[in-house]
1. Answer with yes or no whether residue 261 is touching a strand residue (DSSP E or B) at 6+ places or on another chain (Cβ under 8 Å) and among the aliphatic types (A, V, I, L, M).
2. Quick one: which of 57, 41, 64 is closer than 20 Å to residue 144 by Cβ, part of a helix (DSSP H, G or I), touching a helix residue (DSSP H, G or I) at 6+ places or on another chain (Cβ under 9 Å) and not polar (S, T, N, Q)?
3. Of the residues in segment 265-315, how many are of a type outside the set (Val, Ile, Thr), crowded, with 19+ Cβ neighbours inside 10 Å and assigned to a loop (DSSP other than H, G, I, E, B)?
4. Being out of contact with any strand residue (DSSP E or B) (no Cβ under 6 Å at 6 or more places or on another chain) and crowded, with 21+ Cβ neighbours inside 10 Å is the filter here, so list the residues in segment 242-251 that pass it.
5. Going by the structure shown, is residue 346 among the hydrophobic types (A, V, I, L, M, F, W, C), closer than 30 Å to residue 147 by Cα and not in a helix (DSSP H, G or I)?
Amino acid sequence: MLHFLLHNDNSFFNPYPISLKHMSQPYHIIDRQTHDSLVSAAYKFRGYTDEEAQYGAKFAALAATHGIRTHNALKALHLDHLVGSVTGGCVPGVEIEKKAVRFKGSETWNAHKKLGQAVAYKAMDTCMQLAEEYGIGQVAVDNTFHYLWGGGYALYAAQKGYIAYTNCTATLAEVVPFGGKTPTLGTNPHTWAFPTSSAIGFDILVDWATSVVAMGRVQQFAREGNPLPPNAAVDADGNPTTNASMAKALMPFGAHKGYGLGLINELVGAFIGGSLPTLRGRHMDDDEKQTTCFYFQVIHPDALSCGDFAQNRDQVANIKSVIADILAPGNESCLLPGQMEAEFALRTKSAGGLLFTAKEVDAFNEIADECGQPQWNSSTFPMESS
């Protein structure tokens, strides 16, 4: 159970434990070694190095642990097949080139189309090292391949005690601008993570694509035969549709607000050196780029502290009090960002393995066939107990 509200004695309780079980299908429990072995083998079959394959499997397990089914190994390998190693959009085995920069707290890299998960982990590690020395660190990366779930990398830093932010330009232009019908923007996610576990029991994670839903969610809904929410997608003619199988492009969340946030990623990418959004992920014969950009920033909490907290509170106690004030009477049932992911991680831990539906197990078996690995026999894996 997660804890996020204050008793009068400043201890925490959660009067609204959020149960995800009633919202989900039955899950098979797949042990981490079995999962990582297949995912690593799939990456190596496509030419990736052992290190890259390990990063790919590590990240896929992190996403699955937190219930991020739209960006697990199935999405990662599908994206790689669609616009990655199969088509030249991602190049296995290349080295990151670190560019000269005159700012001590900053680094700029040319990833040369290296696997996004490997680049992102390395970039976040570098940001944390810079933040430890300078209070804040940032890494800008050009010529990348999509890193999938930005929340994973931000949580990685938050769990080590840092405030972290990341955004990227998405691999494909799948979002229509506000008022438009033609997709010219990526889903362009933003992610913030805060090291709040000492204060509330888990790290706050603000993570979203700037579309109503991610394309991975559309693919998931299409597989499962579920309808999309209204005003989330358009069909081939640019008309709104709730039929996931008919969806050809996405709509920005919050109308002009989501459009503006998605535009931020494109502008940051433009400053870095990024491609035209409608060319990303597409093969072109001219001199234009087709690659994505990443931006990472890490802040040491001490670099923000003025040290002048009311009632002799320290930083952790002040965070705890601020959140308790926000979740005042009348707001007790409100979720905090990252709470559902944190609870799913506890659910994963309790199950003793990663949780996948029967359809997802079938999809993993297609990957096993591709790379010559043994199929997963679903009857040998336990089901999550109700």
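1. On the way: touching a strand residue (DSSP E or B) at 6+ places or on another chain (Cβ under 8 Å): yes; among the aliphatic types (A, V, I, L, M): yes.
Yes.
2. Only one candidate qualifies: 57.
3. Residues that pass the stated criteria total 6.
4. Listed by number, the residues that qualify are 244, 251.
5. no
Coordinate-derived values only; no laboratory data. The structure displayed is predicted, hence computed values, not measured ones. Reconstructed Cβ throughout: ideal geometry from the backbone, glycine too, with neighbour counts over all protein chains shown.
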